[in-house]
Amino acid sequence: MKSGSNLEKVLTSGQFAVTAELGPPKGADTEVVRRKVEILKGKVDAANITDCQTAVVRLSSIAAGVIMAQMGLEPVVQMTTRDRNRIAIQSDLLGASALGIKNLLCLTGDHPKFGNHPQAKGVFDLDSIQLIQMVKNMRDEKKFLNGEEMEVEPRFFIGAAENPFADPFEFRATRLAKKVMAGVDFIQTQIVYNTHKFAHWMEEIRKLRLHEKVFILAGVAPMKSVGMAKYMKNKVPGMDVPDEVVNRMEKAKEPRQEGIQICVDIINEVRKIEGIAGIHIMAVEWEEAVPEIVERAGLLPRPQGQ
């Protein structure tokens, strides 16, 4: 075992994993985190704590992760290279591990211009692939990025994100191969609405046999309204929302219930695809939908990692 995390145990035992996402508050109110943990606990194997998502200042992902772990929900701490240089990242990795964090998601992060401090200087000292490699070397070689050895290494189950829908499509599988070579253990994908294109991407993944080297969790998300569906279709780069999904939301008498049902239908489709090891439910600021999604998809009770 690389980290001893529950998520790692569930995946390595061959069980279908379920992770979710938890957005920390724009403030120091720990009750927001605690309330969301109570919703998700027992319904997922682990939950991601976003690291100032969309470049908006929020409660630290590491601090929120510690609160979660104390409450019995395993955190996947996200870490972006947007805000930290290699010194700060390595220091935070040591700190997170010392506090008992076992899962890490390595991201480049959204550019500061998209957030609430657009004048902030982006750091981007490393990219996500270099971050993966650095974390792996710290864990497996007990070495800092400069080659110095450390006494006690941080032990993380290393994750990363991947977008099967971004252009140019023909290079998406190759990009994942780079992350696999860098040492990633699991992948959470961009939200899947176009299951046909996703299945095509997985064909390319299987040709490279990457599904044998990394656990792939398909990203899914419930929609609240037809407006959200149209926004994601037309305004969000790298998102592929078919007309059929928009039409279902348009005709729905209860859009939120239809959004949940679409999410469940997609879960049932991606589960059939060879090489999919689990799902990652992204219902940020709608965590209440997660238990219903997991139950409707027949994914309860959750296993305890063996």
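Matching residues to (1) of a type in the set (Lys, Arg); (2) farther than 26 Å from residue 37 by Cα; (3) at pLDDT 95 or above:
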| position | (1), (2), (3) |
| --- | --- |
| 236 | no, yes, no |
| 251 | yes, yes, yes |
| 279 | no, no, yes |
| 282 | no, no, yes |
| 293 | no, no, yes |
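Looking at (1) crowded, with 17+ Cβ neighbours inside 10 Å; (2) small (Gly, Ala, Ser); (3) more than 23 Å from residue 184 (Cα to Cα), which is the only condition residue 96 fails? Failed condition: (3). Just to be sure before I move on: is residue 202 in contact (Cβ under 8 Å) with a residue 24 or more places away in the chain, touching a helix residue (DSSP H, G or I) at 6+ places or on another chain (Cβ under 7 Å) and surrounded by 14 or more Cβ atoms within 10 Å (Cβ to Cβ) in the structure I sent? So residue 202 does not fit the description; no. The residues of region 201-233 that are of a type in the set (A, V, I, L, M), within 21 Å of residue 256 (Cβ to Cβ), within 21 Å of the chain's Cα centre (by Cα) and not in a loop (DSSP other than H, G, I, E, B), listed by number, are 220, 228, 229, 232. Residues in region 150-162 that are in a strand (DSSP E or B) and either surrounded by fewer than 15 Cβ atoms within 10 Å (Cβ to Cβ) or not small (Gly, Ala, Ser) (or both): 157, 158, 162. Listed by position, the helices (runs of 4 or more DSSP H) contained in region 1-119 that have at least 3 residues being in contact with a Gly (Cβ under 6 Å, 6 or more places away or on another chain) are 6-12.
Scanning region 51-62 for residues that are touching a Pro at 6+ places or on another chain (Cβ under 8 Å) and surrounded by fewer than 24 Cβ atoms within 10 Å (Cβ to Cβ) yields 55, 58, 59, 60. Of all residues in region 99-123, exactly one satisfies the criterion of being at positive phi and crowded, with 16+ Cβ neighbours inside 10 Å, namely 109.
Considering each residue of region 216-228 in turn, none proves to be of a type in the set (Ser, Thr, Tyr), under 27 Å from residue 45 (Cβ atoms), touching a helix residue (DSSP H, G or I) at 6+ places or on another chain (Cβ under 7 Å) and at pLDDT 95 or above.
With a requirement of 1 or more residues that are in contact with an Asp or Glu (Cβ under 8 Å, 6 or more places away or on another chain), the helices (runs of 4 or more DSSP H) lying completely within region 234-306 that satisfy it span 243-251, 255-270. Looking only at region 63-90, residues that are among the small types (Gly, Ala, Ser) and surrounded by fewer than 19 Cβ atoms within 10 Å (Cβ to Cβ) come to 4 in all. Of all residues in region 163-199, those being surrounded by 14 or more Cβ atoms within 10 Å (Cβ to Cβ), assigned to a loop (DSSP other than H, G, I, E, B) and free of Cβ contacts under 8 Å to residues at least 40 places away in the same chain number 1. Only one of the numbered conditions (1) at pLDDT 95 or above; (2) more than 20 Å from residue 63 (Cβ to Cβ); (3) not basic (Lys, Arg) is violated by residue 114, and that is (1). If you filter region 125-149 down to residues that are in contact (Cβ under 8 Å) with a residue 24 or more places away in the chain and in a loop (DSSP other than H, G, I, E, B), you find that the one that is nearest to residue 213 (Cα to Cα) is 127.
The values are calculated or read from the model by the stated rules, or taken from the named source; none is laboratory data. Predicted, not measured: the structure shown is a model, and the values here were computed from it. Here the Cβ is made from the backbone with ideal geometry for all residues, glycine too, and neighbour counts use every protein chain on show.
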